[in-house]
2 protein chains.
Amino acid sequence: MAERMTTREQDFSAWYLDIIQHAKLADYSPVKGCMVIRPNGYAIWEKIQKTLDGMFKDTGHSNAYFPLLIPESFIKREAEHVEGFAPELAVVTRAGGKELEESYVVRPTSETIINSMFSKWVQSYRDLPLLINQWANVMRWELRTRPFLRTTEFLWQEGHTCHETEEGAMEETMKMLHVYREFAEEYLAIPVVCGRKTDSERFAGAVETFCIEALMQDGRALQAGTSHYLGQNFARAFGTEFQTKDGNLDFVHQTSWGVSTRLVGALIMAHSDDKGLVIPPRLAPIHVVIIPIGKGDGREAVVKHSKMLADKIRSWPAQKAGLGGPIAVVVDDDDTKSPGWKFNEWEVKGVPIRIELGPKDLAKDQAVLARRDIGEKEAVALNDVAAKVVDLLASVQESLYARAVKFREDHTTDVESYDEFKAVLDKKGGFVRAHWDGTAETEAAIKEETKATIRCIPLDAAEEEGVCIKTRAPSKRKIFFARAY
Amino acid sequence: MAERMTTREQDFSAWYLDIIQHAKLADYSPVKGCMVIRPNGYAIWEKIQKTLDGMFKDTGHSNAYFPLLIPESFIKREAEHVEGFAPELAVVTRAGGKELEESYVVRPTSETIINSMFSKWVQSYRDLPLLINQWANVMRWELRTRPFLRTTEFLWQEGHTCHETEEGAMEETMKMLHVYREFAEEYLAIPVVCGRKTDSERFAGAVETFCIEALMQDGRALQAGTSHYLGQNFARAFGTEFQTKDGNLDFVHQTSWGVSTRLVGALIMAHSDDKGLVIPPRLAPIHVVIIPIGKGDGREAVVKHSKMLADKIRSWPAQKAGLGGPIAVVVDDDDTKSPGWKFNEWEVKGVPIRIELGPKDLAKDQAVLARRDIGEKEAVALNDVAAKVVDLLASVQESLYARAVKFREDHTTDVESYDEFKAVLDKKGGFVRAHWDGTAETEAAIKEETKATIRCIPLDAAEEEGVCIKTRAPSKRKIFFARAY
């Protein structure tokens with residue numbers, strides 16, 4: 001911990017990696033492009049999983065598990081799908097001591113293997129909608145990797161659903177996009193833009209891809225979740241047919257949607273500061289650390305009261321803070337470390353509230369509460385600490401979100417010309433709202449020249465006549481560009 | 001559902017597969033030896049996971065995640081380990097469109113990759129004990145597979161811990177064995193024998209393997225969990241060294257322990273009957289199904305009261321039933337199916353309690369409660385139903401366990417001669433307690449001739465002078481043999 005971290009100002013990318021090392025969130029592994037998720041990082045992922053899993057179940061989905069390996073021929077059945085994923089596949093060619101007759105790919109996503117099962121399970125409209133989710137590891141052989149943001153193997157969930165009608169499938173696509181938005185805003189405390197991807201950024205095999213786009217503190221965008229309307233593409237490739245209410249046969253209409261361990265990277269880059277990690281309370285594995293202060297005679301009483309206080313906070317009604325359970329409290333009474341060392345360590349780890357309790361505090365019947373996000377300290381009467389903690393946790397969650405909203409507002413710029421566009425990207429980054437002529441050529445040229453991509457065509461984009469910043473061709477609405485992760 | 005299931009008497013193995021199909025627990029996949037875990041089966045696995053995860057955390061363990069792929073050279077570093085696992089490995093030789101310079105194996109277990117990280121993380125005795133668990137998929141290329149019991153890919157947890165001393169590691173090995181025993185007995189409702197494996201059944205790379213052994217209704221044994229004392233074998237192979245309190249360097253002393261989706265198979269084969277699945281309440285995804293009876297005029301009132309009753313049961317204090325949460329209730333008010341069809345369907349699925357509510361019951365201010373395990377029905381005043389459900393759930397859990405204990409008692413036989421041994425195996429199966437001379441040769445000969453294996457040398461085996469059933473050589477204690485899965 002004595003080692004200093006890089007600051008965001010000095011080098012944002014090095015700062016990000018420093019946070020991950022210092023807070024022990026992840027480590028590099030001996031496997032190319034794969035990270036190890038350490039307990040501190042995995043605990044955040046567990047909170048994310050638990051919350052999302054509840055939201056999926058509340059919207060009628062059930063979990064299931066499909067094989068890791070996919071026959072290579074399956075991947076090839078949907079033409080766009082194989083084109084998109086072929087360069088990134090890891091392939092098992094040998095097993096049980098023999099060369100395999102047909103190789104298997106390690107799943108990069110599971111539309112194909114899942115459709116091979118759906119085609120057995122779905123016979124009639126009475127079997128629909130079929131609403132399945134899977135928590136799993138997937139593998140995409142990436143060349144440039146970065147912990148949490150882009151790794152060869154990652155953990156994710158993938159929802160896969162079948163519907164009677166196009167409308168039913170599109171409704172599901174949008175419903176899950178909004179579940180992701182709600183999760184991002186209310187738990188991750190990150191505002192997101194909901195929109196549609198352009199054809200060139202569409203999921204390989206989908207008819208339409210929708211996404212939530214977040215903004216990081218360096219002004220770069222991050223795609224934080226996607227929801228795909230698959231139409232009947234995979235159903236046709238795998239024969240997922242059903243008897244309709246009027247007795248005909250039709251292919252099911254499908255969706256798929258996913259978020260991954262990338263969200264941990266989003267959380268880090270949206271909220272953390274030069275002292276270390278900052279975790280929104282609703283996703284924090286530990287909410288409060290109590291640090292008994294002082295040595296010698298007074299210490300025993302201070303440690304005893306710290307533990308009593310911890311128990312009181314744990315059993316205090318905390319619904320108001322929306323944690324989905326009791327407040328998690330740790331008493332750090334390790335007497336081989338100084339309070340200063342501990343303050344630093346728990347700040348690096350991002351615990352939302354620190355409570356200091358020393359003999360002088362005890363004498364005054366108070367404790368000192370410090371917020372991790374803004375560093376504010378306050379003395380609170382011991383009797384009021386538990387209630388105050390609940391208030392503070394709710395307040396930290398809100399203010400992290402408000403700060404992120406403010407940051408996004410400050411970093412969303414409307415431009416009318418290509419020069420202005422480039423200047424904004426270079427000077428402050430962020431989202432740039434601009435007119436685009438709607439062609440893939442212009443999109444590619446802008447990306448080539450500025451490294452900015454179209455993040456999405458926002459769902460709520462108002463009609464607004466204008467001309468494309470690059471070609472001056474007419475355009476009907478502004479869309480979101482950014483340099484992105 | 002109209003299709004009849006095979007009975008246990010007719011063909012136990014076919015009955016087992018029928019239960020899995022009829023209750024929609026799993027399905028065959030197009031990938032050799034891999035199954036798909038369907039929502040009904042996965043929901044049971046989720047309950048198992050949640051319960052065990054809590055027990056692991058209560059004993060101080062943290063979850064983490066390590067890479068799926070392991071460099072082939074790592075597997076070879078521990079001589080016994082590679083010998084044990086080489087024949088079962090699946091190997092990735094191609095990735096990102098290229099042949100790899102070094103192949104990766106898909107993890108069959110993670111001691112090697114985890115030690116490559118532990119050797120970075122552990123420096124000093126202050127870093128110990130290191131108590132890690134991982135929930136993951138693993139792959140072992142098995143020739144003969146059977147859903148849940150033995151599949152090429154399976155889901156499991158693997159605990160991996162490092163300790164300062166041999167004693168510390170051995171204490172952990174036994175602690176986790178007893179966590180498994182507690183889980184088996186108190187949640188799965190299956191009594192288990194705790195014991196040590198013989199050398200020939202030891203985990204490849206361990207110094208000692210301990211296990212819990214359960215008995216299925218066909219009299220065959222099932223290894224339901226293992227806890228390994230690894231000594232310093234992997235630590236030496238990967239250089240996992242630490243500075244001791246007195247300033248020397250030593251290799252850490254390690255353990256690993258795991259249970260898998262095989263437990264779902266154990267649950268099925270221990271408790272289910274010819275009508276379908278029977279699930280112990282503490283692991284049941286749904287505890288109660290309410291079936292409104294009757295058509296026409298009375299139906300609306302019956303459905304309304306069924307829903308009110310469901311809400312009341314859901315909010316009733318259920319601590320006494322030890323479910324770890326509220327009672328899960330479903331109201332099956334689908335009016336396209338008859339009550340008889342529904343009774344059958346929910347019996348097949350193993351829901352512990354069925355409540356029937358018809359117009360006549362309403363008139364009498366009662367409902368009829370039926371237990372899945374013994375089929376007993378009872379009319380209960382509406383006001384008392386919620387409390388009665390809690391009692392019944394506790395009672396079903398207890399009586400399933402008592403029945404399994406009774407079955408095991410009836411199917412554990414002491415023998416003194418080899419003829420007796422063979423006769424018992426053929427006539428009633430079960431555990432056979434017999435003297436053994438302690439040699440691998442005798443163990444192999446008995447296995448070859450009778451298909452029975454040594455399940456374990458029980459921890460609580462009393463000293464008892466005798467002679468080996470096969471060689472008549474002296475022996476100091478009886479051990480457990482059985483034909484096993």
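The values are calculated or read from the model by the stated rules, or taken from the named source; none is laboratory data. This is a predicted model, so every value here is computed, not measured. Positions of Cβ are generated from backbone atoms using ideal geometry, with glycine treated the same way; all protein chains shown enter the neighbour counts. Accessible surface areas use protein heavy atoms only, side chains included; no ligands, DNA or RNA. Shrake-Rupley method; radii C 1.70, N 1.55, O 1.52, S 1.80 Å.
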Filter region B:317-346 for residues that are out of contact with any Asp or Glu (no Cβ under 9 Å at 6 or more places or on another chain) and farther than 21 Å from B:Thr51 by Cα and give the result.
-> B:Val330, B:Val331, B:Asp333, B:Asp334, B:Asp335, B:Thr336, B:Ser338, B:Gly340, B:Trp341, B:Asn344
Being over 18 Å from A:Phe210 (Cα atoms) and open to solvent by 80 Å² or more (accessible area, probe 1.4 Å) narrows it down to one of A:Arg483, A:Arg472, so name that one.
-> A:Arg472
Residue by residue through region A:189-216, note down the ones that are touching a His at 6+ places or on another chain (Cβ under 8 Å) and polar (S, T, N, Q).
-> A:Thr209
Index of the failed condition, B:Glu449 passing every other in (1) in a helix (DSSP H, G or I); (2) on the phi > 0 side of the Ramachandran plot = (2)
Residues being surrounded by fewer than 18 Cβ atoms within 10 Å (Cβ to Cβ) and farther than 24 Å from A:Thr261 by Cβ: count how many of those fall in region A:197-240.
-> 6
Condition check for A:Thr244: touching a strand residue (DSSP E or B) at 6+ places or on another chain (Cβ under 7 Å), touching a residue at least 60 places away in the same chain (Cβ under 8 Å), within 30 Å of A:Glu9 (Cα to Cα) and not hydrophobic (A, V, I, L, M, F, W, C) = no
Enumeration of residues in region A:87-96 that are closer than 10 Å to A:Arg107 by Cα and touching a residue at least 40 places away in the same chain (Cβ under 8 Å) = A:Leu89, A:Ala90
Picked from region A:129-169 (must be part of a loop (DSSP other than H, G, I, E, B) and more than 30 Å from A:Ala14 (Cβ to Cβ)), the residue farthest from the other protein chains (Cβ to nearest Cβ) is A:Thr165
For A:Ala95, are the conditions met, namely being among the hydrophobic types (A, V, I, L, M, F, W, C) and more than 7 Å from chain B (Cβ to nearest Cβ)?
-> no
Just checking, which of B:Glu172, B:Glu153 is over 14 Å from the mean Cα position of the chain (by Cα), in the same structural domain as B:Thr109 (by TED's automatic domain parsing) and more than 27 Å from B:Tyr16 (Cα to Cα)?
-> B:Glu172
Listed residues A:Val302, A:Val264; which is hydrophobic (A, V, I, L, M, F, W, C) and in the same structural domain as A:Arg146 (by TED's automatic domain parsing)?
-> A:Val264
Please tell me if B:Glu172 is part of a helix (DSSP H, G or I), modelled with pLDDT of 95 or more and under 30 Å from B:Asp373 (Cα atoms).
-> no
Identify all residues within region A:21-42 that are of a type outside the set (Phe, Trp, Tyr) and either outside the structural domain of A:Gly265 (by TED's automatic domain parsing) or in a helix (DSSP H, G or I) (or both); write none if there are none.
-> A:Gln21, A:His22, A:Pro39, A:Asn40, A:Gly41
Quickly run through region A:104-115 and pick out the residues that are within 8 Å of chain B (Cβ to nearest Cβ) and in contact with a Ser or Thr (Cβ under 8 Å, 6 or more places away or on another chain).
-> A:Ile113
Just give me the residues in region B:26-42 being more than 7 Å from chain A (Cβ to nearest Cβ), open to solvent by less than 30 Å² (accessible area, probe 1.4 Å) and under 20 Å from A:Gly60 (Cβ atoms), in sequence order.
-> B:Gly41
Of all residues in region B:75-124, which are under 27 Å from the mean Cα position of the chain (by Cα) and acidic (Asp, Glu)?
-> B:Glu80, B:Glu83, B:Glu88, B:Glu111
In region A:43-56, what count of residues is obtained for those that are among the aromatic types (Phe, Trp, Tyr) and either open to solvent by 40 Å² or more (accessible area, probe 1.4 Å) or facing chain B (nearest Cβ under 10 Å) (or both)?
-> 1
Six or more apart or on different chains, Cβ under 7 Å: which pairs go from a residue in region B:69-86 that's within 14 Å of another protein chain (Cβ to nearest Cβ) to one that's surrounded by fewer than 16 Cβ atoms within 10 Å (Cβ to Cβ) and in a strand (DSSP E or B)? Could you list them?
-> B:Pro71/B:Glu102; B:Glu72/B:Glu102; B:Ser73/B:Glu102
Do any strands (runs of 3 or more DSSP E) lying entirely in region A:371-445 carry at least 1 residues that are of a type in the set (Gly, Ala, Ser) and open to solvent by less than 70 Å² (accessible area, probe 1.4 Å), and which ones are they?
-> A:377-381, A:431-435
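So that you can scan it fast, the table gives a plain yes or no per residue for (1) in a strand (DSSP E or B); (2) under 25 Å from the mean Cα position of the chain (by Cα):
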| residue | (1), (2) |
| --- | --- |
| A:Ile327 | no, yes |
| A:Thr336 | no, no |
| A:Trp346 | no, yes |
| A:Ile355 | yes, no |
Residue selected from region B:287-316 under the condition in a loop (DSSP other than H, G, I, E, B) and at pLDDT below 95, by the criterion least open to solvent (accessible area, probe 1.4 Å) | B:Gly294
